[in-house]
1. If you check Tyr224 against the conditions, is it assigned to a strand (DSSP E or B), under 28 Å from Leu343 (Cβ atoms) and at pLDDT 95 or above?
2. Mind checking whether some residue in the stretch 123-134 is in a helix (DSSP H, G or I) and either closer than 21 Å to Leu156 by Cβ or in contact (Cβ under 8 Å) with a residue 12 or more places away in the chain (or both)?
3. Pro120 - would you say it is outside any loop (DSSP other than H, G, I, E, B), more than 21 Å from Arg316 (Cα to Cα) and open to solvent by 60 Å² or more (accessible area, probe 1.4 Å)?
4. Looking only at the stretch 306-327, which residues are open to solvent by 50 Å² or more (accessible area, probe 1.4 Å) and part of a helix (DSSP H, G or I)?
5. Here is a list: Gln75, Gln16. Which entry is open to solvent by less than 40 Å² (accessible area, probe 1.4 Å) and either more than 18 Å from Leu165 (Cα to Cα) or touching a strand residue (DSSP E or B) at 6+ places or on another chain (Cβ under 8 Å) (or both)?
6. Have a look at Ala27, Ala8 and point out the one that is open to solvent by less than 30 Å² (accessible area, probe 1.4 Å), among the aliphatic types (A, V, I, L, M) and at pLDDT 95 or above.
7. Within the stretch 194-206, which residues are outside any strand (DSSP E or B) and open to solvent by 30 Å² or more (accessible area, probe 1.4 Å)?
8. Just to be sure, is Tyr303 surrounded by 15 or more Cβ atoms within 10 Å (Cβ to Cβ) and either over 26 Å from Asp127 (Cβ atoms) or more than 27 Å from the chain's Cα centre (by Cα) (or both)?
Amino acid sequence: GGDISSDAGGALLLRQVERRLGLLAAAAKCLPDDRDPNRVRHSRLSQVKQRVMGIALGYEDLNDHDTLRADWGLQLALGQSRAASSAPTLCRFEKVMGRKEAVALHGVLIDNFIASHAVPPSELTLDLDATDDAVHGRQEGRFFHGYYDQYCFLPLYVFCGDELLTAYLRPANIDGAKHAAAIVKLLVQRLRRAWPEVKITIRADSGFCRRRLLSWCERNGVFYVIGLARNARLAKLAAASIINTEAAFQNSGEKQRGFDEVRYAAKSWHTERRVIVRLEHGPQGANPRYVVTNRDEEPAELYDGIYCQRGEMENRIKEQQLGLFADRTSCSAWWPNQFRLLLA
């Protein structure tokens, strides 16, 4: 039967996608290469393509390339007729990556996002969320996280719709909103350089309701729709509506749902802010939810039409970790693990 491809099904399709997007070529240009050019057999572009295509084909581990490197389908996708990089070569490739390269690769993602729009968008919604990335060795920066009940990293993701803008690896011994305000600032500045008139909204759960982020958004004309954790003061402000919702449930026997809004200021806030109250009462009792915002739509539209849509971002994170192996951060050093997150 001659030589066939048994492991690289789909690689040629990925090659055509890359030829159209130029994403991996742009990524390779910003990666360092201090090797002697007279002794180099595998270019940075070839290595980036090999690693990313391997992940997309379902081969997340470096040692998978001991076999995959000899596959004719992969070689053809890489544009060569010889064996691709070995696992040790790819390991050395990852270990030279650092902070500068992580910043540059994020720039490639954002530039690609901007280039994907034929006309300037009128509005963008940036979704922020943190997730756990379990570790099982002695990786640099690993810590035990009480909420997740395991040793892990705590990466921060930012999506705009289906498009990934930020995949920022962080240790787990921090506040879940750590550096969120700084990242939002960098993203907004870059997006506004491309589209000065675009309306930007930040959307996140209550873990990101922090004074610094809210204040920066207000000073810079950025909208926010962010969850707010329950507390006794909020319950007191919304008490009348909560009691009325309970009474309606007692009278009808059917689950009740409605909306209200209050003005509220936490101790660390310099001013009162608008808080949307999602009222709900059923057989299990009252279940109010709170969202702080500087947008002016009606409460139902803000909660159901805008805030609840953030749940779709959780599917994007699942795609990253379950479909693209973004949680394969098993290198002992920190920056190679950040690089792997970006490869995924």
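The values are calculated or read from the model by the stated rules, or taken from the named source; none is laboratory data. On a predicted model such as this, the values are computed, not experimentally measured, just so you know. Every residue, glycine as well, gets a Cβ built from its backbone with ideal geometry; the counts of neighbours run over all protein chains shown. Accessible surface is based on the protein model in full, side chains and every heavy atom, while ligands, DNA and RNA are left aside. Shrake-Rupley method; radii C 1.70, N 1.55, O 1.52, S 1.80 Å.
1. Numbers: assigned to a strand (DSSP E or B): yes; under 28 Å from Leu343 (Cβ atoms): no; at pLDDT 95 or above: yes.
No: the conditions fail for Tyr224.
2. Just the residues of the stretch 123-134 that are in a helix (DSSP H, G or I), to begin with: none.
Looking for residues that are in a helix (DSSP H, G or I) and either closer than 21 Å to Leu156 by Cβ or in contact (Cβ under 8 Å) with a residue 12 or more places away in the chain (or both), one finds none in the stretch 123-134, hence no.
3. Values: outside any loop (DSSP other than H, G, I, E, B): no; more than 21 Å from Arg316 (Cα to Cα): yes; open to solvent by 60 Å² or more (accessible area, probe 1.4 Å): yes.
No; evaluated as a whole, the condition is false for this residue.
4. Cys308, Gln309, Glu312, Glu314, Asn315, Lys318, Glu319, Leu322
5. Values: Gln16 fails: open to solvent by less than 40 Å² (accessible area, probe 1.4 Å).
Result: Gln75 is the single residue among Gln75, Gln16 that is open to solvent by less than 40 Å² (accessible area, probe 1.4 Å) and either more than 18 Å from Leu165 (Cα to Cα) or touching a strand residue (DSSP E or B) at 6+ places or on another chain (Cβ under 8 Å) (or both).
6. On the way: Ala8 fails: at pLDDT 95 or above.
So the residue among Ala27, Ala8 that is open to solvent by less than 30 Å² (accessible area, probe 1.4 Å), among the aliphatic types (A, V, I, L, M) and at pLDDT 95 or above is Ala27.
7. Here is the first cut: in the stretch 194-206, the residues outside any strand (DSSP E or B) are 194-198, 205-206.
Result: Ala194, Pro196, Glu197, Asp205, Ser206.
8. On the way: surrounded by 15 or more Cβ atoms within 10 Å (Cβ to Cβ): yes; either over 26 Å from Asp127 (Cβ atoms) or more than 27 Å from the chain's Cα centre (by Cα) (or both): no.
Spelling it out, it is not the case that Tyr303 is surrounded by 15 or more Cβ atoms within 10 Å (Cβ to Cβ) and either over 26 Å from Asp127 (Cβ atoms) or more than 27 Å from the chain's Cα centre (by Cα) (or both).
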